[in-house]
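What follows is a single structure, written as structure tokens, with notes after it.
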Amino acid sequence: AQSVTQLDSQVPVFEEAPVELRCNYSSSVSVYLFWYVQYPNQGLQLLLKYLSGSTLVKSINGFEAEFNKSQTSFHLRKPSVHISDTAEYFCAVSGTGGGNKLTFGTGTQLKVEL
Amino acid sequence: DTEVTQTPKHLVMGMTNKKSLKCEQHMGHRAMYWYKQKAKKPPELMFVYSYEKLSINESVPSRFSPECPNSSLLNLHLHALQPEDSALYLCASSEGTGYTGELFFGEGSRLTVL
């Protein structure tokens, strides 16, 4: 079984400032890692994912995350946030053996202020 | 625009009512999911259908009854619900049956049980 820890429930940040949302996972097997974003009153959208290969993965809107196996982390970063980035961000993990079970973290509310 | 369509967007029902939530996708995905999301919480997996067959039931009470009439449609039949069942119900689909790919979520059906 896998588990995900997002220690920060809320992260306030000013517009154009950098941000890091932390995610740590626990698993006895190899994992796939994901970040999903949920805007108010909407479903979840995949932001980025790590399956294999390069440990640094990037999204089209400027976010990036780095898979660190030794620290069992997959932190999400953006060098300069925008008001439109205000949303709930969920880190998620699944075992590479499949089975359709994705485990979500408790989420981090990113609030970007002017 | 989301490619997973859920209806209705909002539903209010009494504890003795019978209602259904509907989900439709036309991406040719072979796996479909129901998640339940309470406010300020991550989504919780309820059911998974793979190739139109129920593959995962996360010990969901029998007052929730899923149905997959064909590869594009997923229903969730509701009967004799409790107030604590009030939540956002999210439908999702994925191309395959392993978590190597992206989950596509609908915008959800917000259910209130009186």
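Worth a mention:
- Remark: the stretch A:105-110, residue by residue, has Karplus-estimated 3J(HN,Hα) of x, 7, x, 10, 8, 8 Hz, where x stands for each Gly or Pro and the curve is 6.51 cos²θ - 1.76 cosθ + 1.60 at θ = phi - 60°.
- Across the stretch A:19-70, Cα pairs under 8 Å and at least six residues apart give a relative contact order of 23 percent.
- Within 10 Å of the Cβ of each residue in A:34-44, the mean number of Cβ atoms contributed by other protein chains is 5.
- Summarising the amide proton neighbourhood of A:ALA17: residues at separation of 5 or more, or on other chains, whose placed amide H is nearer than 5 Å comprise A:VAL81.
- In the stretch A:2-109, trypsin sites (Lys or Arg not before Pro) in a DSSP loop with at most 12 other beta-carbon atoms within 10 Å: A:LYS69
- For the stretch B:4-53, the relative contact order works out to 30 percent when only alpha carbon pairs closer than 8 Å and six or more residues apart are counted.
- Whole-number percent relative contact order across the stretch A:1-47, with pairs defined as alpha carbons under 8 Å at least 6 apart: 34 percent
- B:HIS77-B:LYS41 pseudo-label distance in nm [points 7 Å out on the Cα-to-Cβ vector]: 2.6 nm
- The phi torsions of the stretch B:50-60, fed into the Karplus equation with coefficients 6.51, -1.76 and 1.60 and a -60° offset, translate into couplings of 10, 6, 6, 10, 5, 10, 9, 10, 7, 6, 7 Hz, rounded to whole numbers, with Gly and Pro shown as x.
- Estimated FRET transfer efficiency (A:GLU15, B:HIS10; beta-carbon r; R0 25 Å; 0.05): 0.15
- Remark: the A:THR96-A:SER28 segment gains 23.4 nm on full extension, using 0.36 nm per residue and subtracting the alpha carbon distance.
- Residue-by-residue Karplus 3J(HN,Hα) for the stretch B:61-68, coefficients 6.51, -1.76, 1.60, Hz, glycine and proline x: x, 5, 5, 9, 10, x, 8, 10
- For A:LYS111, the residues whose amide H sits under 5 Å from its own are A:VAL11, A:VAL13, ignoring neighbours fewer than 5 places away on the same chain, with H placed 1.01 Å from N.
- Solvent-free Debye scattering, log10 I(q)/I(0), computed from the Cα coordinates of chain A at q = 0.10, 0.12, 0.17, 0.18 Å⁻¹: -0.27, -0.39, -0.77, -0.86
- Dividing the convex hull volume of the alpha-carbon atoms in the stretch A:50-102 by its residue count gives 111 Å³ per residue.
- Alpha-carbon centroids, the stretch B:30-89 and the stretch A:1-33: separation in whole Å: 26 Å
- The modelled label-to-label distance between A:SER84 and A:TYR39, using points 7 Å beyond Cα along the C-beta direction, is 0.8 nm.
- Both chains summed, the buried accessible area for A and B stands near 1800 Å², from protein heavy atoms and a 1.4 Å probe.
- 25 Å Cα-Cα threshold exceeded, pairs from B:LYS18/B:LYS38; A:LYS49/A:LYS78; B:LYS9/B:LYS40; A:LYS78/B:LYS38; A:LYS69/B:LYS38; B:LYS9/B:LYS38: A:LYS78/B:LYS38; A:LYS69/B:LYS38
- Average beta carbon contacts from partner chains per residue of B:104-111, 10 Å cutoff: 3
- Protein accessible area in the stretch B:56-110, 1.4 Å probe - carbon and sulfur %: 44 percent
- Largest GNM mean-square fluctuation across A:TYR89, A:TYR25, A:TYR39, computed for chain A with C-alpha springs under 10 Å, falls on A:TYR39.
- Applying a 4.7 Å cutoff between beta carbons, the unpaired cysteines of the protein assembly as shown are B:CYS68.
- Carbon and sulfur %, accessible surface of chain A computed with the full protein complex present, 1.4 Å: 50 percent
- Normalised by residue count, the protein assembly as shown yields a Cα convex hull volume of 123 Å³ per residue.
- GNM on chain B, alpha-carbon springs under 10 angstrom: the most fluctuating residue among B:LEU74, B:LEU45, B:LEU21 is B:LEU45.
- The amide H of A:LEU47, built 1.01 Å from its N in the peptide plane, has A:TRP35, A:TYR36, A:VAL37 as neighbours under 5 Å, considering only residues 5 or more places off or on other chains.
The values are calculated or read from the model by the stated rules, or taken from the named source; none is laboratory data. This structure is a prediction, so every number in the text was calculated from the model and none was measured. Every residue, glycine among them, receives a Cβ derived from its backbone with ideal geometry; neighbour counts consider all protein chains shown. Keep in mind that these areas ignore ligands, DNA and RNA; they rest on the heavy atoms of the full protein, side chains included. Shrake-Rupley method; radii C 1.70, N 1.55, O 1.52, S 1.80 Å.
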